[in-house]
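Taking it in order: structure first as structure tokens, then the write-up.
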Amino acid sequence: MVSRQLWGLSPRSWLILAVFTTALLTLVGLPALSDRPDRPDPSAAGPELTPVAPRPDRKLTGGATARLSRCGTRADLYPPARGTGERKGGPDLTVLSWSTNDTAAPDGDGITLTVFAAVRAGERPLRIAAPAFAGRGTVEVVSPFGSGVSASAVGLGATVVEDGPGMRPVRPPASGSHHIAPGKRLLLQVNVPAEAMCPGLNPIDVIACSPEEAESPDEACPTLVLTFTDPAVRAYRAQGSERPPGTFSDRLIGALPNPAVSAPRA
């Protein structure tokens, strides 16, 4: 009896019955699908991202160390002062320029970061032992727009070069030290190998400027910070002072561009 009544339905009645049945199956099936163990719960929190482990520092040819553990850090441009006289008074360290240099090295890509700087004496002469600042130099590059450190090396040396167009290396003097007369300067060249650049970067990337992304020209380029330490610097600053020599800094700091206006004083 029932079967006959169903077969006797009109086409319109069949359509209404099909729509009703489909809706009912959908409502019944949704909870079952959501309870399947292989389907993620949309309300559950996603897996936590594991932070990238700091990269270890590595030794470089010549005795320097690439401080890859510094990559991406956002610290003050100037390191904390080591003593009196570090950022005011003589002697002074000035970063003159920096660029990439293709050394055509057979064991690598041959690209290095070359920095030129000058040490100026104040009212008194200054003597720097040769070779100049051997193993006592550091270079750090801070990228613009808050990207942090992009290159860092410690234990670098410097080559004294002629203060002229040729800038040829100067032979170590027979006296064993470089004499800087009052008001004069000692011109230095520092080579930073590509291995000191943070992973994924080369010296060309590190020095690149992005003026189209900067609000002002001063913010378009990265900042290079160069430091040297020498006992002669501490003795120079302590001369004539009644304070103990150990309270004076033995470090010279230079930067390009020079952030001295915003840097802390000591």
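Values computed for the structure shown
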| read-out | value |
| --- | --- |
| Inter-site label distance for residue 202 and residue 114 at 7 Å from Cα along Cβ, in nm | 1.7 nm |
| Positive-end residue, region 58-256 charge dipole about Cα centroid, Cβ charges, pick of 238, 61, 227 | 238 |
| Cα gyration tensor, region 58-256 - rounded (a/c under 1.5), prolate or oblate | prolate |
| Difference of contour (0.36 nm per residue) and Cα-Cα distance, residue 242 to residue 55 | 62.8 nm |
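Each reported figure results from applying straightforward, stated rules to the coordinates on display, with no laboratory input. Predicted, not measured: the structure shown is a model, and the values here were computed from it. No Cβ is skipped: glycine too gets one built from the backbone with ideal geometry, and neighbour counts run over all protein chains shown.
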